[in-house]
Amino acid sequence: MRGGLAAAATGFLAPKPSLALDAAGSLAGAVTQAVGGPLISFAPVTIAQHAAQSDGGKVPVISSDYQYQVLIPWGTPIQPGGPAYNGNPDKRPTAAEQELQVGIGHDGMAFFGDGDDDLSSTAGMLCVNHEFGRNTHLIGKTAPESLEDVRLSQAAHGASVVRIERDSDGAWQVAASPDSRRITANTPMAFSGPAAGSAFLENAAGNEPRGTMANCGSGTTPWGTYLTCEENFNDYFGWTDPDFVPSKSQARYGFDADGAGYGWHSFDERFDLGNPDYANEHNRFGWIVEIDPRDGARKPVKRTALGRFKHEAIAINVGPSGRIACYMGDDQVFDYCYKFVSRLPYKLAQRLGRSPLDEGTLYVARFNDDGTGRWLELSRRNPLLRDAFGSEAELLVNTRLAADIVGATPMDRPEWTTIGQNNMVYWTLTNNVERTEPNAANPETPNNDGHIIRTSDSAVSSRSFRWDIYLIASSTRGTEGVFSDPDAALADPFGRLFVATDGGQQDGLQNQLIVFDLTAEKPTPNRLFTGVAHDELTGCTASPDCRTIWVNVQHPGSGDPAATNFPAPTDGLTVPRDCTVVITKKDGGIIGS
């Protein structure tokens, strides 16, 4: 992929073998035999251990069988020797400095090992999302006071692509690479698929498409690229005209006058919904973005065939024919589960100079009460949608409205997806405190703690599926494995499921990384790691040899130095910084065992 491929938006065409855990699957039998015991045998972090070692939530706690290292906290130079930010509360980075540093709000991520086979577990490119950073945490103010403040915030959002290498002592370090870069809210973007070039993505100002933000979950492709998912993009828009009235579409995506308080619209006209010159700017967000981790010169591409909604994450399954199915959740209460199926086998599409993510069919899920379900087509071929939208571009820009019309099942915040053994898809549903009417797939009212559903298609192109509830988190209350609010999820090739949480935990616990044995008759949570006060744990990814796992500590202390100074030593002053935690087993064994 370094060899000068065409720079068109339909790029990323070099066929590559499956990444990381897919490739490591060939090692599963030998490794499992080497383990010579149950899939999970580590000593879990107990409630008492957490209470004794967390210092009131100021520091993480890890299983006694494991160890961790902090990597790339917010402000780390993308290239060694660049400008750095160390958490000094009196001197934040400038916007120009932040563009050369790891951003804030670490979330979804993936590791791409060196070499054509992606199997290196000692060096490679790490892609990390930067979902959000509140003003008080990032710029040290409740609201921006200038365009420079806004530019600093914009430069801290998006994604980082960083080269990392493991040294002779086993520690991971940032290394120099021409492909390392920051992708921010102002980076030039390309569009592809049915909505690309449509009037719905054009502004009277004629401005070039720029930026990605609200980058939450993620995924990888079988051909070796990174997919970052735009979630709460509405938070960054607002309007200054008191007479402005949002459209039906804008209301369905949750736009309001002040957004989430970032104030970008007060200084950057792109984000003012009431400015007619930028009337369609908001339509340029809410997509899945493909990034080539090994070509720093290639524009990221927003793949419009995958629909526009609050994307949490994406998991791709390859069928026997080579066609792919992409499973995606829309993270909002009462929103939906989606699937995209490519029209062509992915290798054939690439040989023809096309992206498998640009041609295919988007579906949304209806869950029946009997454990079956139906994938409902979202295109103008569906008679229910033919008259509602004048083009496929209009439909995709308004994916939520289309899903409403066909009668999809409103869910309890569908977040991450991951594909386990037998092609079973695991969906984390974090919670829904607003639910008053239960259904079979969302049985709790209100759903304070969330649950995990699994679905199974007989084929990637199947229009029907089967489903069941893997675990309702409230059922763990009163047990040593208690957890709530499942979020990030990663299934490994051996039959384990890693789940990171995002929400208030029980029994004084902080957010946690939990491991399940999917082959066990009963789901049993095993606590591997706990974070710090007011954080979220997210973005799990593993090395090809499955002996390293990375997880992100997002918004530690909600940016308050009085709550925690992690990853700095506790001093009550240093600004806590989002960071990646590298977890390994002390005996060098397989993670989760």
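Count the net charge of all other residues whose Cβ sits under 11 Å from the Cβ of Glu281, scoring Lys and Arg as +1 and Asp and Glu as -1. Display every interim value, and only then the final one.
Numbers: positive: Arg210, Arg270, Arg284; negative: Glu202, Asp268, Glu269, Asp272, Asp277.
Value of the local net charge: -2.
For the stretch 440-493, the set of chymotrypsin sites (Phe, Trp or Tyr not before Pro) satisfying both a DSSP loop assignment and a count of at most 10 other C-beta atoms within 10 Å is empty.
Skip the ligands, DNA and RNA, and give the accessible area per residue of the chain with a 1.4 Å probe, whole Å². Before the final figure, lay out the partial values.
Working: 20220 Å² over 593 residues.
Solvent-accessible surface per residue comes out at 34 Å².
Expressed as a fraction of 2.2 N^0.38 Å, the C-alpha radius of gyration for the stretch 50-150 is 1.34. Spatially, the stretch 560-575 and the stretch 397-456 are offset by 36 Å when compared through their Cα centroids. In deg cm²/dmol and to the nearest 500, what is the mean residue ellipticity at 222 nm of the chain if only DSSP H runs of at least 4 residues count, each as -39500 (n - 2.57), divided by the residue total? So the helix-based figure for the chain works out to -2500 deg cm²/dmol. With a cut-off of 11 Å, note down the residues of the stretch 174-207 whose backbone N falls inside the zone around a label point 7 Å from the Cα of Asp277 toward its beta carbon. Under 11 Å, as judged by backbone N against the label point of Asp277, lie 204-207 of the stretch 174-207.
Between Leu100 and Thr240, what is 0.36 nm times their sequence separation minus the Cα-Cα distance? Round to one decimal in nm.
Values: separation 140, 0.36 × 140 = 50.40 nm, distance 3.15 nm.
Computed gain between Leu100 and Thr240 is 47.2 nm.
Ignoring ligands, DNA and RNA, what percent of the 1.4 Å accessible area of the stretch 143-285 is carbon and sulfur? That share works out to 48 percent. Its Cα gyration tensor gives the stretch 258-347 an equivalent ellipsoid. The semi-axes, each the square root of 5 times an eigenvalue, are 31, 18, 11 Å from largest down. Here the simple spin-label model places points 7 Å from the Cα toward Cβ, and for Leu352 and Ala297 these points are separated by 2.9 nm. The stretch between Thr445 and Gln421 holds 5.6 nm of extra length on full extension. This uses 0.36 nm per residue minus the Cα-Cα distance.
Take Ser391, project a point 7 Å from its Cα along the Cβ direction, then tell me which residues of the stretch 295-313 have their backbone nitrogen under 15 Å from it. It comes to 304-305, nothing else.
For the stretch 413-568, what percent of Cα pairs sit more than 28 Å apart? Spell out each step's value before the answer.
Details: 2568 of 12090 pairs.
Percentage above 28 Å: 21.
Thinking of the stretch 92-250 as a set of Cα atoms, what percent of all their pairs are more than 23 Å apart?
Working: 6026 of 12561 pairs.
Value for the stretch 92-250: 48 percent of Cα pairs lie more than 23 Å apart.
Once R0 is set to 45 Å, what does the formula 1/(1 + (r/R0)^6) return for the Cβ-Cβ distance between Thr372 and Thr46, expressed as a FRET efficiency to the nearest 0.05? After rounding, the FRET efficiency stands at 0.65. Between Thr122 and Arg210, the modelled labels are 4.2 nm apart [label points 7 Å from Cα along Cα→Cβ]. The stretch 179-247 and the stretch 63-116 have Cα centres spaced 23 Å apart. The heavy atoms of Thr46 present about 50 square angstrom of accessible area, all protein chains included, probe 1.4 Å. Met189 contributes an accessible area of around 10 Å² to the protein surface, as traced by a 1.4 Å probe with all chains present. Subtracting the Cα-Cα distance of Glu437 and Leu384 from their residue separation scaled by 0.36 nm leaves 16.5 nm. All Cα-Cα distances of the chain, cut into 10 Å bins from zero to the largest, leave 4, 18, 30, 29, 16, 3, 0 percent in each bin in turn. Summed over all non-identical Cα pairs, the Kirkwood treatment of the stretch 109-195 gives a radius of 15.3 Å.
In this calculation the C-beta distance from Thr142 to Asp167 is compared with R0 = 35 Å, giving a FRET efficiency of 0.25.
The values are calculated or read from the model by the stated rules, or taken from the named source; none is laboratory data. Keep in mind the model is a prediction, meaning the values are calculated, not measured. So basically every Cβ, Gly included, is an ideal-geometry build from the backbone, and we count neighbours across all protein chains shown. To get the accessible areas, we keep the full protein, side chains included, count just its heavy atoms, and leave off ligands, DNA and RNA. Shrake-Rupley method; radii C 1.70, N 1.55, O 1.52, S 1.80 Å.
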